[in-house]
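Chemist: Can you read through this structure? Questions will come right after.
The values are calculated or read from the model by the stated rules, or taken from the named source; none is laboratory data. Just so we're clear, the structure is a prediction, and the values are computed from it rather than from any experiment. With ideal geometry, Cβ positions are generated from the backbone for all residues, glycine too; neighbour counts draw on all protein chains shown. Protein only, heavy atoms only, side chains kept; ligands, DNA and RNA dropped before computing areas. Shrake-Rupley method; radii C 1.70, N 1.55, O 1.52, S 1.80 Å.
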Amino acid sequence: MSNEKLLTLAREALQHSYSPYSQFRVGAALLTDSGRLFTGCNIENSSFSLTICAERTALFKAVSEGETVFSKMLIVSDADDFITPCGACRQVISDLAGNIDIILTNARGEMQHKKISDLLPLAFGQESLSKKHK
Ligand code: THU
């Protein structure tokens, strides 16, 4: 699936953003290796810390439907600057999706291509848990 198509779908998801506190809408489109597409938006909460970002919404939707192998995720917002995933999402994407391609976009539809390893070097992961001193 083309990145332009992912951008269109992420923008559609952004329309569903529930962000009355920040007024900052985010959309994400996640493609699996098998070609399935999952979108997500940010969903805020009056207990602010319970907010979930668009990236994790999309990824959790996919994992909850049995998907385990991913290809790329595109992220969009209304901002002029390129939207970049928060630290929590970087960790969750790295852990559940591995070193996938991340496409950052701005309001003009321009794209920047990153890997999760660019955004989260020296990631903590499942293998880190087995490296403790015995
Ligand atoms: N947010 C996302 O959904 N994804 C990001 O990459 C950055 C931040 C959301 C969380 C919150 O609802 C709002 O944007 C402002 O932080």
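Chemist: Just checking, which of 30, 50 is modelled with pLDDT of 95 or more, more than 9 Å from the ligand (Cβ to nearest atom) and within 15 Å of the chain's Cα centre (by Cα)?
Modeler: The unique qualifying residue is 30.
Chemist: I need a count of the residues in segment 98-114 that are farther than 18 Å from residue 17 by Cβ and either of a type in the set (A, V, I, L, M, F, W, C) or assigned to a helix (DSSP H, G or I) (or both).
Modeler: Selection size over segment 98-114: 4.
Chemist: Okay, next question. Cβ-Cβ distance below 6 Å, separation of 6 or more or different chains: which pairs start in segment 45-72 with a residue that is of a type in the set (D, E, K, R) and end on one that is within 12 Å of the ligand (Cβ to nearest atom)?
Modeler: Filtered contacts from segment 45-72: 55/28; 55/85; 55/89; 56/89; 56/92.
Chemist: Check residue 116 against each of (1) within 17 Å of residue 8 (Cβ to Cβ); (2) free of Cβ contacts under 8 Å to residues at least 40 places away in the same chain and name the one condition it does not meet.
Modeler: The one condition residue 116 does not meet is (1).
Chemist: Which members of segment 55-106 meet the condition of being aromatic (Phe, Trp, Tyr) and under 9 Å from the mean Cα position of the chain (by Cα)?
Modeler: none
Chemist: With respect to the numbered conditions (1) open to solvent by 40 Å² or more (accessible area, probe 1.4 Å); (2) under 21 Å from residue 1 (Cβ atoms), which one is the sole condition not fulfilled by residue 80?
Modeler: Residue 80 satisfies every listed condition except (2).
Chemist: Among the numbered conditions (1) within 16 Å of residue 86 (Cβ to Cβ); (2) surrounded by fewer than 21 Cβ atoms within 10 Å (Cβ to Cβ); (3) out of contact with any Lys or Arg (no Cβ under 8 Å at 6 or more places or on another chain), tell me where residue 55 comes up short.
Modeler: (2)
Chemist: Answer yes if at least one residue in segment 86-93 is within 15 Å of the ligand (Cβ to nearest atom), out of contact with any helix residue (DSSP H, G or I) (no Cβ under 6 Å at 6 or more places or on another chain) and within 20 Å of residue 18 (Cα to Cα), and no otherwise.
Modeler: Among the residues of segment 86-93, at least one is within 15 Å of the ligand (Cβ to nearest atom), out of contact with any helix residue (DSSP H, G or I) (no Cβ under 6 Å at 6 or more places or on another chain) and within 20 Å of residue 18 (Cα to Cα), which makes the answer yes.
Chemist: Just one of 15, 91 is out of contact with any strand residue (DSSP E or B) (no Cβ under 9 Å at 6 or more places or on another chain) and of a type outside the set (D, E, K, R); which is it?
Modeler: Working: 15 fails: out of contact with any strand residue (DSSP E or B) (no Cβ under 9 Å at 6 or more places or on another chain).
Just a single option satisfies the conditions, and that option is 91.
Chemist: Sticking with this structure for a sec: Which of the residues that make up segment 6-27 are more than 8 Å from the ligand (Cβ to nearest atom) and open to solvent by less than 40 Å² (accessible area, probe 1.4 Å)?
Modeler: Result: 6, 7, 9, 10, 13, 14, 27.
Chemist: OK, next. Among 68, 39, which is within 25 Å of residue 1 (Cα to Cα), within 13 Å of the ligand (Cβ to nearest atom), at pLDDT 95 or above and open to solvent by 30 Å² or more (accessible area, probe 1.4 Å)?
Modeler: Criteria check complete, one pass: 39.
Chemist: Given the conditions (1) farther than 15 Å from residue 115 by Cα; (2) assigned to a helix (DSSP H, G or I); (3) open to solvent by 80 Å² or more (accessible area, probe 1.4 Å); (4) of a type outside the set (Lys, Arg), report the number of the one that residue 95 does not fulfil.
Modeler: Of (1) farther than 15 Å from residue 115 by Cα; (2) assigned to a helix (DSSP H, G or I); (3) open to solvent by 80 Å² or more (accessible area, probe 1.4 Å); (4) of a type outside the set (Lys, Arg), only one is false for residue 95: (1).
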